[in-house]
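Just so it is clear, none of the values below were taken in a lab; they were calculated from the coordinates. The structure presented is a predicted model; accordingly, all values stated were derived computationally and were not measured. No Cβ is skipped: glycine too gets one built from the backbone with ideal geometry, and neighbour counts run over all protein chains shown.
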Amino acid sequence: MSAVAAVVVHPADTVAVVVASVGGRAGQTLADGTALRENVPLGHKVALRDLAEGDPIVRYGEVIGRAAAAIPRGAWISEALVRMPPAPDLAAMPRTRRPPPPMEPLPGQTFEGFRNPDGSVGVKNVLAISISVQCVAGVAAHVVERVKRELLPRFPHVDDVVALDHAYGCGVAIDAPDAQVPIRTLRNLARNPNFGGETLILGLGCEKLLPERLKDGDATADIVRLQDDAFDGFEAMVQGVIAAALPRLERLNARRRETCPVSDLVVGVQCGGSDALSGLTANPAVGFAADLIVRAGGSVMFSEVTEVRDAIHLLVERAASDEVAEALIREMAWYDAYLARGGADRSANTTPGNKSGGLANIVEKALGSVVKSGSAPIVDVLAPGERIRTKGMIFAATPASDFICGTQQLASGIALQVFTTGRGTPYGLAAAPVVKVATNSTLATRWRDLVDLDAGRIATGEASLAEVGWELYRLILDVASGRKTVAADRLGLHNGLALFNPGPVT
């Protein structure tokens, strides 16, 4: 019987991951001679030696759990056989830093972007209408539809009009300490580089979140309040918003792309619908491309606190300074306390799809997730909703929820996002292009019109990690320059914004 394709990441690993698209069949052997005792699905683990109950199960050279029962060599290590270890102790964790050596610069890298008055550079030219309270969301959606239908044909250089919709603004404890998170997020969302500094603010008039708190000191920012006595009926409100939008559309329409260095580009990376191949193919390819962006002087932002928590010791080692190391630990501790207040812990993160895809627990998921950050030193840590303030590899603390992470990264200043998936998701953002990368070729083939790049070729040996990493890097620059359109934009698949609100609702 023929051998089955499987991958061992680290010499210390006690498991191999089956990467054959049809899985492994009982009786097939691995490269080291291990014979499968049973059928093993794609992405699932096989024991490379006999494991006694309590023995460590090692993947990526790290302990992902302990055997819940004796596991013979060649057996399928299902989720039920993996006992999850405790999370790394933040208080006792060594603060030893081993930042990687300086990376070789990658000079002369450019893309075609839109320069903004604040020095940032966008990859889209979008009019945004920010709302101060959910009460006006319906009006904002109506105005966006009207502007797209009636006005955008007159402004061919404006890519889109979007409403920065959310479920916040009233019925909340607006001055509670944790309220700073959603308010800061909304304020910085309006400053996203793809909006060109032309965001319009739409309020109601009686909400707790005063629209002025979203202006961020910009005296030129227009605020339209629907309760204004000047508005006699709904159509008057709509025309009032459109009148405020018109000069912004005219200014945006006058803008043109210009050649910009990659050092002006901010890219976010995220994963969703992950499987066990995420940490073998797509995420390492993203990490390779991330290193190229950083070498070119640009910025890459990775996030998802719960999905880095069990690998935090690996990130602390890469911190560029003691301050960055402490900030990483601070954000982990804050989120531990947040989950504890809700009666939850990190184990609640993994989904049924994650487990079906071969991920036994959040420890295994986290170790495969952090490789999206490549190997560059981590130069800064952003609290939820904070805006980017330096260039390089940055950790932006966000929940792992795809929609909330995307919203938070937009607020922190990404112009484009790269999103890896193994199970598949039609996720997209209206405000920024989302480059979708499949972890396995089966998904890339089945979802050929939803996926932008197939990283599964790494597992099959059709392409090397470096080849796919360079391909992704070039695709990022093409999308940033407007030369290529991502699948989500081509199909109009965009998720709504979802604020992270850890504060109380009254």
Rounded tilt (10° steps) of 180-189 against the dominant C-alpha axis of the chain: 70 degrees
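Size of the dipole of the chain about the Cα centre, Lys and Arg at +1 and Asp and Glu at -1 on the beta carbon, nothing else charged, in debye to 20? All intermediate terms of the calculation are to be shown ahead of the outcome.
Numbers: 50 positive and 56 negative charges, 140 e Å.
Roughly 680 debye, rounded to the nearest 20.
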Overall Cα dimensions of segment 126-253, principal axis frame, Å, largest first: 45, 35, 24
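Give the range of the longest stretch in the chain that excludes all trypsin sites (Lys or Arg not before Pro) found in loop regions by DSSP and having at most 12 other beta-carbon atoms within 10 Å. Mind dumping the intermediate values first?
Details: sites that count: R95, R256, R389, R448, R483.
Maximal segment without exposed cleavage sites: 96-255.
I'm checking a number: the convex hull volume of the Cα atoms of segment 241-331, normalised per residue, in Å³. What is it? The partial results should precede the final answer.
Values: hull volume 17.9 nm³, N = 91.
It is 197 Å³ per residue.
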More than 21 Å apart - percent of Cα-Cα pairs taken over segment 1-83: 19 percent
Loop-exposed GluC sites (Glu not before Pro) per DSSP, neighbour cap 13 Cβ within 10 angstrom, longest uninterrupted part of the chain: 54-461
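Nearest 5 is fine: what % of DSSP beta bridges in the chain come out antiparallel, could you say? Kindly include the intermediate steps, with their values, before the conclusion.
Numbers: 23 of 57 bridges.
The answer is about 40 percent antiparallel.
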DSSP-defined beta bridges in segment 48-182 - what % are antiparallel, rounded to 5: 65 percent
Listed residues S375, P352, A340: farthest to the positive end of the dipole of segment 336-390 (Cβ charges): P352
Unit charges on C-beta of K, R, D, E only; dipole of segment 267-491, Debye: 460 debye
Degrees, to the nearest 10: 234-253 long Cα axis against longest axis of the chain: 70 degrees
Cα long-axis angle, helix 137-146 against the chain (0 to 90 degrees, to the nearest 10): 80 degrees
